[in-house]
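Below is one structure, written out as structure tokens, with a few remarks after it.
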Protein chains: 2
Amino acid sequence: MINSQLISPQSIVVIGASNDLKKAGGKMLHNIISGGFQGELLVVNKREGRVQNLKAYKNIEDLPNTELAILAIPAQYCPQVIEDLAKNKNTKAFIVISAGFSELNDEGSKLEEQMITIANKYNAALVGPNCIGIINKNYHGVFTTPIPILDSKKGCNFVSSSGATAVFLMEAGMQVGLRFSSVYSVGNGNQICVEDFVEYLDNCFDEKTSSKTILLYLENISKPQKLLKHAASLIAKGCRIAAIKSGTTSAGSRAASSHTGAMATSDLATRALFRKAGIVYCSSREELISIASVFSYKKLTGKNIAVITHAGGSAVMLTDALEQGGLQVPIIEGAVADDLLEYLHTGSSVSNPIDFLATGTAEQLGIIIDFCEHKIDYIDAMIVVFGSPGLFDVENVYKVLNVKMDVCKKPIFPVLPSLVNAEKEIKYFLSKGHVNFPDEVTLGKALCESFFTGNPTQPSNINEIIDIKKIRSVLEEDRNNGGYLSISANNTILDVLAIPRAAEICVNSEQQAMQAAQKLCFPIVMKVIGPLHKSDVGGVALDINSNELLVAHYKTMMEIPDAIGVTIQKQHRGLELFIGVSYEQGFGHLLMMGLGGIFVEVLQDIKVCLCPCTKQEVILRLKSLKAYPLLQGIRGQQGVDLDVLTDIILKVSHLIEVIPEITELDINPLLGNGKDIVAVDMRVKIC
Amino acid sequence: MINSQLISPQSIVVIGASNDLKKAGGKMLHNIISGGFQGELLVVNKREGRVQNLKAYKNIEDLPNTELAILAIPAQYCPQVIEDLAKNKNTKAFIVISAGFSELNDEGSKLEEQMITIANKYNAALVGPNCIGIINKNYHGVFTTPIPILDSKKGCNFVSSSGATAVFLMEAGMQVGLRFSSVYSVGNGNQICVEDFVEYLDNCFDEKTSSKTILLYLENISKPQKLLKHAASLIAKGCRIAAIKSGTTSAGSRAASSHTGAMATSDLATRALFRKAGIVYCSSREELISIASVFSYKKLTGKNIAVITHAGGSAVMLTDALEQGGLQVPIIEGAVADDLLEYLHTGSSVSNPIDFLATGTAEQLGIIIDFCEHKIDYIDAMIVVFGSPGLFDVENVYKVLNVKMDVCKKPIFPVLPSLVNAEKEIKYFLSKGHVNFPDEVTLGKALCESFFTGNPTQPSNINEIIDIKKIRSVLEEDRNNGGYLSISANNTILDVLAIPRAAEICVNSEQQAMQAAQKLCFPIVMKVIGPLHKSDVGGVALDINSNELLVAHYKTMMEIPDAIGVTIQKQHRGLELFIGVSYEQGFGHLLMMGLGGIFVEVLQDIKVCLCPCTKQEVILRLKSLKAYPLLQGIRGQQGVDLDVLTDIILKVSHLIEVIPEITELDINPLLGNGKDIVAVDMRVKIC
């Protein structure tokens, strides 16, 4: 519903504008005026003739046609005003900053629904209510301060559910020199939500003019597929996206729900979505600002960092942070190191960190950077930590840094920690369009986090054509089983997917049991048919290797309530694996994978993908399991073939895609020996 | 070696003081003067008659006796000057800010050694070289700026290996209003190191006048036992200590070593020491400042936090951070909630977070705090998040907050995020002696981190009296075995400690082997005697349950090079446990515990204590194992008795205490079934 009237209106009317700058309507008008809006600016005020030197209209009917209306009037008047404007003045976009709607009470919810219905009827965009508005290059349509430094090409596009969070983030960002391209606050967001702005940014993306940094604050992901699609698309176009999704704990989501009525989304699902889209996950404003600051520099393309400093302690902490996060501070040695040392003061170290001492000069910094840029191939990026003990000005150092940052092809990240001693010089540095990292470790962590957030994964081509009809036919037969499929339906599914399963025979008498065991060969496994939670009622017996045991167990099992038979299965050995699927309401299917047994139940060493999964994703997730060395095989114990396992997982993912009514699926255990991976037990629930 | 002349000198001479404030000697003198030093201040300058309005002495011999000398002269002159002053002027304390010593080259190391030898000869304190100096209430003896706000009772005592890190930390701390009691920079620290200042702070601690907050930046822990003893003692007296130990990765420790010549200490050992002492572990300046800010408020005594705000988004993120970190934001409901709601604007929520809306007033904040303080017993502390969208002044809110923070018994932590809109009001708030947390999540994490860092553990009384003589006698016999003890020595140790071990018989013939197996009963385990890494050479066989197998394995094993016999052991079953000891050079023994097998080798689920361990520590560490549920027993599988296991671990710890020449010890596996825990294999190395 986002349209050009909202983004770049030719005319704006502020309904409820005031001369009082302490009022939202007053400050809103003031910001639009001082932001130099180029179109026609109109004002409606019932009482005053002139407002902030503009003629004020008493009534809406007197207004000329106006593209965008900003409403700063009590909630109860909003629906009628929207109707009047949309109907009579061809107004196609509304920003409602007023509160008192769905966040307040039922009455407010009704007013909000009315407004949205009216806006929809006239095909008009509606941002808010309960928001601070919009800032972009076209107009400063917020009632809050500060207006951040705007840079439509290099600044961040920031979309926020929460207005106050947007303000606090801008304030904190300004401290380090962060610039913005646009700020969109969606408030209650029931017509236009954060995801819609992401879609808009994607659809309007222009390689030459658009900013490539997007920051999101979400309390709610109501359109996860839209977010995934457009975030992945933007990132594929070269953008970088970082986001906070708050309300990850149950208390937090209670808080979010009372704040903007946000629905709980599990953190697991959010992380899976972010990972799939390539969005960097953040959990605080500070983290989001650090990541945005990293985004404001050239993209890191390799792991090897040169740490350049005159302050050893910072270099030590930074090096620790980089190495712990997976990046590297490789040793610099040999002829190039000797060459470089000649330009530095005695006592300097170039082995990386490159420490050119408290007495190091601007010229030396320039030479070090030139060496790292041109002479040391394996260095991918530089971090320069340079503060001041307060003895002399360091502007000449920051001037060199400024020039080098512009001309070097390798990214250079500045840590200027002397917020007091070098306040003036840092201000100069920021005025050149740079962002500062006041804390070296915060930069180190942000750099690692952004580097190791992968690119969005492209959907795999589905190699297998699944016989959907066959699966649907068994689902139909099984619809009445409390949602859980029967063993034979499960077997059909496994067979259709060509996932090997343990040979099994269902039996109804001791005689049949003995015949089955003879056919399958001891040792065998017996499982009762009928009860759902078989192991809890003593309905599973392993390692059965004689007819005596077989008969004894058969008798016992048939006495379990609801028992209608027993399955006899060949007993397989191997590494216990686990594949699970769960459906996250309104979000999609999450596919879980890992080792079975204690790895699932005690150690929770499980990895999650949002369906549909790609091969690349599955392999990455499997490799990130703590127990991955067991999959590879250790100490003479055979592991499992990663390709075969991945293939099975992808088949399950594909199954979910074509049969989305599956809400739960567990293959547990799946026993693996090299390429030989066999499903031993499966449970499937459909809705 | 720290003495009163260093801490509170009656007279100070600055050697190499200058009129040039861009020089270290000039700025040092300037700072001492503007710091209002009350004693006699003297200056030595070879060239100028007056320096900064003080008479300058040309020669040391002309000086009167002086307690403290600060040296800002080239390195090569320092030893002689120290000799002259100590010998002739009764100078008992020196601060050498000059660089060019052991951090530079071998020549510098020699100069440094000379200085220290001279200082030691005259029983004088020597801080530095290569440091920025000292700031305390008595004098501002640093050559750097800024001088932070000093508050000798409520400020932080800050001791730093690195001068620049001290400066950057003070600068960052000042942004949030952090105050300091004293700042000690130790530089190369070869006479007086960080640990010595901790000892000093402990010895001089005065309940009424001393500050209770201590911050440390360490690149090196050269006296771990001193740090442990005095940090634990200070914390027992009510102090709170947080520290950075940098150089935790190999690249980081390479960096530290080139910076201050710091020796590598494993992060594992550092964390074990900090945990034992009760020191909060930090890895960046920002973290240290956040923890110090938490320390500046009343101590949190319970887990239940009320989050009070007018900005929903911040409350959501904060609630997530608190809950993820283990603290709680409990629901507030019932009559008290209804009562409180009556005082707030419609639409407010009191279910916790308490959101009193963007329109919330100062009066309402006061009422909310009063409710949390007096009427809601189960709330242990409050966090107030209050910023400004820039419409009006929030000073009245911060005034209420200021008063409540003074009068309330429960701690109140302020998050004032509007660094731009409320800049003036935050300045007012800080002027009242408070510290601000600009980011809610940073506070949340720091609060959790400090709350869950336990108190120092008191050494357990040793219940058992170990027959040390008997152990020493077997050690003597075994000294020639490449450091590794023989099986019989190992058995003696286990028997002396009364740790049950698997019955075993050493055999030298097939005949003896069969007799042994008959005695112990099948199944048995066979292990070759002679080779060190038995499993690597095929020298271990499990599950042997027949004479045929026994004889076959015996023959095979005796063909392994170096084989001199075979042990026959009863095969035990049970949960595989692991106890290990390793000696960290110059640091002490680390005791490791956990489950054996893949838990050690793949999952690295091991917990570490610094020896000697206490019962409380061991139990806490065991409970923090990821695999702890397995120790408790799950799914019908028997666990192990925690008391029995703890007892065995404490016996090992005690063994290390009385036989400290043990450098390595592994009991792996130790098999546990309930109270029945049996050592199956042990390896011990002595130095």
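Readers should treat all values here as calculations from the given coordinates under stated rules, not as data from a laboratory. In this text the structure is predicted, and so the values were computed from the model without any measurement. Ideal geometry is used to build each Cβ from the backbone, glycine not excepted, and the neighbour counts take in all protein chains shown.
Points worth noting:
- If you wrap the stretch B:305-451 in the convex hull of its Cα atoms and look at it from every side, the mean projected area works out to 7.9 nm².
- With the Kirkwood sum run over all distinct C-alpha pairs, chain A has a hydrodynamic radius of 29.2 Å.
- In the stretch A:339-382, one over the average inverse separation of all distinct C-alpha pairs is 10.6 Å, which is the Kirkwood hydrodynamic radius.
- Rg then Dmax, both in Å and based on the Cα atoms of the stretch A:634-687: 13.2, 44.
- Estimated FRET transfer efficiency (residue A:620, residue A:377; beta-carbon r; R0 35 Å; 0.05): 0.80
- Annotation: extensible slack from residue B:452 through residue B:522 equals 20.3 nm (criterion: 0.36 nm per residue apart, minus Cα-Cα distance).
- Cβ-based net charge around residue A:432, under 15 Å, with every Lys or Arg adding one and every Asp or Glu removing one: +2
- Whole-Hz couplings from phi, Karplus 6.51/-1.76/1.60, listed for the stretch B:634-640; x for Gly and Pro: 10, 6, x, 7, 5, x, 10
- Computed from point charges on the beta carbon alone (+1 for Lys and Arg, -1 for Asp and Glu), the dipole magnitude for the stretch B:305-451 about its Cα centre is near 440 Debye.
- Residues A:584, B:476, arranged from fewest to most other Cβ atoms within 10 angstrom of their Cβ, appear as B:476, A:584.
- Remark: the residue A:638-residue A:392 segment gains 82.0 nm on full extension, using 0.36 nm per residue and subtracting the alpha carbon distance.
- P(r) histogram, all alpha-carbon pairs of the protein assembly as shown included - 10 Å bins from 0, percent: 1, 7, 13, 17, 18, 17, 13, 7, 4, 1, 0, 0
- 3J(HN,Hα) from dihedral phi, the stretch B:601-614, Karplus parametrisation 6.51/-1.76/1.60, rounded to Hz, x for glycine, proline: 7, 9, 8, 6, 8, 10, 10, 10, 10, 7, 6, x, 8, 10
- Euclidean distance between Cα centres, the stretch B:566-585 to the stretch B:1-40, Å: 61 Å
- Across the stretch B:600-652, the volume of the C-alpha convex hull divided among the residues equals 87 Å³ per residue.
- By the count of other C-beta atoms within 10 Å, a proxy for reagent exposure, B:524, A:221 are ordered fewest to most as A:221, B:524.
- Rg over Rh for the stretch B:139-237 works out to 0.95, both radii taken from alpha-carbon positions and Rh defined as the Kirkwood radius.
- Cα centroids of the stretch B:99-161 and the stretch B:347-426: 43 Å apart.
- Percentage, to the nearest whole number, of Cα pairs in the stretch A:1-130 over 27 Å apart: 12 percent
- Multiplying the residue separation of residue A:268 and residue A:427 by 0.36 nm and removing their Cα-Cα distance gives an extension gain of 53.1 nm.
- The Rg/Rh ratio for the stretch A:62-118 is 0.98, where Rg is the radius of gyration of the alpha carbons and Rh is the Kirkwood radius.
- Secondary structure note: in the protein assembly as shown, about 50% of the DSSP beta bridges are antiparallel.
- Fewest-first ordering of B:184, A:57 by other beta carbons within 10 Å of each residue's beta carbon gives A:57, B:184.
- Membrane-span-like helices in chain A (whole DSSP H runs, Cα extent of at least 20 Å along the helix axis, mean Kyte-Doolittle hydropathy of at least -1.0): A:106-121, A:642-658.
- Given B:23/B:121; A:229/A:409; B:626/B:675; B:375/B:409; B:137/B:399, the pairs whose alpha carbons are separated by over 23 Å: B:23/B:121; A:229/A:409; B:137/B:399
- Take the Cβ atoms of residue B:512 and residue B:676, set R0 to 30 Å, and the FRET efficiency comes out at 0.60.
- In nm, spacing of pseudo-spin labels at residue A:209 and residue B:22 (7 Å Cα→C-beta vector): 4.8 nm
- In the stretch B:541-687, the inverse of the mean reciprocal separation of distinct Cα atoms equals 16.7 Å; this is its Kirkwood hydrodynamic radius.
- Cβ-Cβ FRET estimate between residue B:48 and residue B:80, R0 fixed at 30 Å, reported to 0.05: 0.90
- Electrostatic bookkeeping for residue B:613 treats Lys and Arg as +1 and Asp and Glu as -1; over the other residues with beta carbon under 12 Å from its beta carbon, the sum is +3.
- Alpha-carbon Debye profile of the stretch A:439-576, log10 I(q)/I(0) at 0.22 Å⁻¹: -1.32
- Two-site label geometry, residue A:532 and residue B:107: point separation in nm, points 7 Å out along Cα→Cβ: 8.4 nm
- Label-point separation in nm, residue B:658 to residue B:40, each point 7 Å along Cα→Cβ: 5.9 nm
- Under 14 Å, Cβ to Cβ, from residue A:351 - net charge with Lys/Arg +1 and Asp/Glu -1: -3
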